[in-house]
Amino acid sequence: MSSNKEKLFTEFTAPTTQEWLDKIEVDLKGADFQKRLVWRTNEGFNVQPFYRREDLTDLKSVNSLPGEFPFVRGNKKDNNLWFVRQEIDAEDAKAANAKALDILNKGVDSIGFKIAGKDVNLEFIATLLDGILPQYVELNFKTCQRHCVELAQILVVYFKEKNYPLAELQGSINFDPISKVLCKGKDVSSMLSFAKPLIETLNELPGYKCINVNSVQLNNAGAYIYQELGYALAWGAEYMNTLTEAGIEATELAKRIKFNMGVSENYFMEIAKFRAARMLWAQIVKQFDPKCDCACQMHVCAITSEYNQTLFDSYVNLLRSQTEAMSAAIANVDSIIVTPFDKPYEVPTEFAERIARNQQLLLKEEAHFDKLVDVSGGSYTIEHLTDAIAKEGWKLFLSIEEAGGFLAEALKGNITNAVNESNSKRHADAAKRKEFILGTNQFPNFNEKSDGKQPMVCCCSCAKSSEISELPKLNKERLASDFATLRLATEKASKQPIAFMLTIGNLAMRQARAQFSCNFLAAAGYKVMDNLGFKTVKEGVDAALEAKADIVVICSSDDEYAEYAIPAFQYLNGRAMFVVAGAPACSEDLKAAGIENFIHVKSNQFGTLKEYNAKLGI
């Protein structure tokens, strides 16, 4: 055996960053590097197409270790275990208990029970938890905010009666009055007075969190990633400030706080968000001089987003939630809820819930994501994104603090209005296809029918409060809701509109434009008919009329539109709507001849389809 210990590849000189850039410039063949390869995020910073070790030189976060302050690399040192959580609406205690026992045998080790305020009593809880051993299961409870203390008292009594090891039990009670301010438009800040007795009641259950930051509500309302991060930090800081002033010791309080955060489809950015959140939260709690660094840990339950879920082509929701769950798992969160794929249009079925569970089990049992601590640590791109998004989130956090704190801004409506503005912008971007929704405004399923699906309407079981001050509410209209409404309206029409592709001229251009037009128009539920090509416009128009087309789309090259478009339009003679696929240089001439309709990459797709529906009498 050779004793030569020379490292492999030492004879090769490592290329410099400039050499990489020079090579890329050559490959781009004169195209603008900044426009073609540099991504400008919604968070306000640029992402380069590649990063190198030198880009991490000034980042302090890369020098930290897992399980150590500031916890950017996670709270755990030797594994990445997380709780697989499923929600149960406990309208009937016995039925909810049977369901819980069933899913506990199918891989779930965390359950979230939603309980109506009227059902918070010892008998109901005893029935609900019968046969469930809480030392092996994380139990989470959500009920009316006014009944949280009562629920805590009942749980302590029940656990004691059963002689369960109180110090080993893990779970949470979702107490979060600020969430009501944002979601229901109610000023219920007076309920913050329940926080201190709630924490005192749970004194014998050290593993139970009870002060919650439900920033998932912002995620489901279309907030950008930096907004959820910055607002979540300010939300948590509001509880730290308010409740320490109320006499709760900072270390005890920090250990009782739980973050329920959303996770959307932006894969690497979401990984970075959770890493940045832990790092920044640790710095915030540190300012309260806790007795130990462990109080600075952020405890996160990640919930896959409902905002990007779709009613049509709903199985694509599985792809979305799978990548979202992967982001959360890689980012070392404490528990994950995968939202069932059918939630936009029905109470999730047993099948959808089983798939949602198995999505997490695959990550554990097949991909072994639970074995490695902070697998993303050291990735040049993710470390850069962690730093960049932390800076943007921190700017937003500081602006909220300077304005008087999160609650004050929420009561002014500023938080809700800012998120709703983001939602409106995202809807506008989706309408123009600046934000793609796979299966909706991009590559829709041409032949799909709704089969009776209707959008689910959100409802709350809590009784209405008389102490209401009207405030703006978060708008939780899903990103695809406009297109779903449009497509459902088309289905109700007496006749499904037929869009016929009159393909003529240049082979490559007519095929490309026909494919674009089919995708564009099928998003409204029209029946699209592509064709191999016609020799004359007369032949194409005759074929369209024979097919009983409602819309005739001429697909050709820009140069050839000057030759074909006007004769086709004139021969069609108003017997169907005439559309030109593209924005040719001769557009003004075509418009002068009476042609009104053009579709192209810069078109407002939703606005155009809504206009076409109106012209078709839908």
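For the chain, what does the relative contact order come out to in percent, with C-alpha contacts under 8 Å and a separation of six or more?
Details: 1069 pairs, mean separation 83.5, N = 618.
Once normalised by length, the contact order is 14 percent.
Across the range 136-235, how many lysine pairs separated by 8 or more positions, or lying on different chains, have Cα atoms within less than 25 Å?
Summing the qualifying lysine pairs gives 17.
Which order do peptides 239-248, 330-339, 584-593 fall in by mean Cβ count within 10 Å, highest first? Don't skip to the end; give the middle numbers.
Working: 239-248: 16.4, 330-339: 25.8, 584-593: 14.3.
So the order, starting with the most tightly packed, is 330-339, 239-248, 584-593.
So what is the relative contact order of the range 19-146, in percent, for Cα pairs below 8 Å that sit 6 or more residues apart?
Numbers: 122 pairs, mean separation 21.0, N = 128.
It rounds to 16 percent for the range 19-146.
Set Lys and Arg Cβ to +1 and Asp and Glu Cβ to -1, take the dipole of the chain about its Cα centre, and tell me which of GLN511, CYS144, TYR267 lies farthest positive.
About the Cα centre, the residue reaching furthest to the positive side is GLN511.
Go through the range 52-121 and name the trypsin sites (Lys or Arg not before Pro) that are in a DSSP coil and have 16 or fewer other Cβ atoms within 10 Å of their Cβ.
On the way: sites: ARG52, ARG53, LYS60, ARG73, LYS76, LYS77, ARG85, LYS94, LYS99, LYS106, LYS114, LYS118; in loops: ARG52, ARG73, LYS76, LYS77, LYS106.
Loop-located and lightly packed - ARG52, LYS77, LYS106.
With the Cα gyration tensor of the range 497-610 giving a ≥ b ≥ c as the square roots of its eigenvalues, does the rule (a/c under 1.5 for rounded; else a/b larger than b/c for prolate; else oblate) give rounded, prolate or oblate?
Verdict is rounded for the range 497-610.
Would you mind checking which residues have amide H under 5 Å from TYR51's amide H? H placed 1.01 Å from N; only 5 or more apart, or other chain.
Distant-sequence amide H within range of TYR51: zero hits.
Counting heavy atoms of the protein chains only and a 1.4 Å probe, report the per residue accessible area for the chain as a whole number of Å². Could the numbers behind the result be given before it?
Numbers: 28050 Å² over 618 residues.
That works out to 45 Å² for each residue.
Using only helices, what value at 222 nm comes out for the chain when you add -39,500 (n - 2.57) per DSSP H run of length 4 or more and divide by the total residues, to the nearest 500 deg cm²/dmol?
Values: 22 runs with 263 residues, N = 618.
So the calculated ellipticity at 222 nm is -13000 deg cm²/dmol.
Can you work out ³J(HN,Hα) from phi for every residue in the range 138-148, in order, using Karplus 6.51 cos²θ - 1.76 cosθ + 1.60 and θ = phi - 60°, giving whole Hz and x for Gly and Pro?
Karplus values, whole Hz, x for Gly and Pro: 7, 10, 10, 10, 10, 8, 4, 4, 6, 10, 5.
Relative contact order for the range 82-212 using alpha-carbon pairs under 8 Å, separation at least 6, rounded to a whole percent?
Working: 200 pairs, mean separation 29.6, N = 131.
In percent, rounded to a whole number, it is 23.
The values are calculated or read from the model by the stated rules, or taken from the named source; none is laboratory data. Quantities reported herein were computed from a predicted structural model and do not represent experimental measurements. Positions of Cβ are backbone-derived with ideal geometry, glycine not excepted, and every protein chain shown enters the neighbour counts. Keep in mind that these areas ignore ligands, DNA and RNA; they rest on the heavy atoms of the full protein, side chains included. Shrake-Rupley method; radii C 1.70, N 1.55, O 1.52, S 1.80 Å.
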